[in-house]
């Protein structure tokens, strides 16, 4: 499953193109199955607060992180929410997308999903 948070619509757009099971993060969401986390980067490299709270409760089931960012804010903060989450929980950073990314990014995500998440479920 893809578990995601989207503020501007870029993440939800990409999720709609992946054709994979998905659920948007809402307050109190708890999972007991493997998933990929797909988040945006808040501010200048911050983890969105709802994503931070979700991961505090569910990180043991997360198999990889996908992050969307905007490279116009500078490479030093581009997709940094993904970098921070990967480091904090020891989870692989699968892909950083600039805004909505590109079809090759989508292929990479789907391939990782089928190797690391779907087979485990």
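The share of Cα pairs per 5 Å bin across the chain, counted from zero up to the longest distance, runs 2, 12, 25, 27, 22, 10, 2, 0 percent. Set against the 2.2 N^0.38 Å expectation for a compact globular protein, segment 1-57 has a Cα radius of gyration ratio of 1.08. For segment 1-48 versus segment 104-118, the inter-centroid distance based on Cα atoms is 15 Å. Nearest-5 percent of antiparallel DSSP beta bridges in the chain? Here the share of antiparallel DSSP bridges comes out near 5 percent.
If you run the Gaussian network model on the chain, springs between alpha carbon atoms under 10 Å, then out of 48, 103, 92 the most flexible one is 103.
Values in this text are rule-based calculations from the coordinates and carry no lab data. Values in this document were obtained by computation on a predicted structure and should not be read as measured data.
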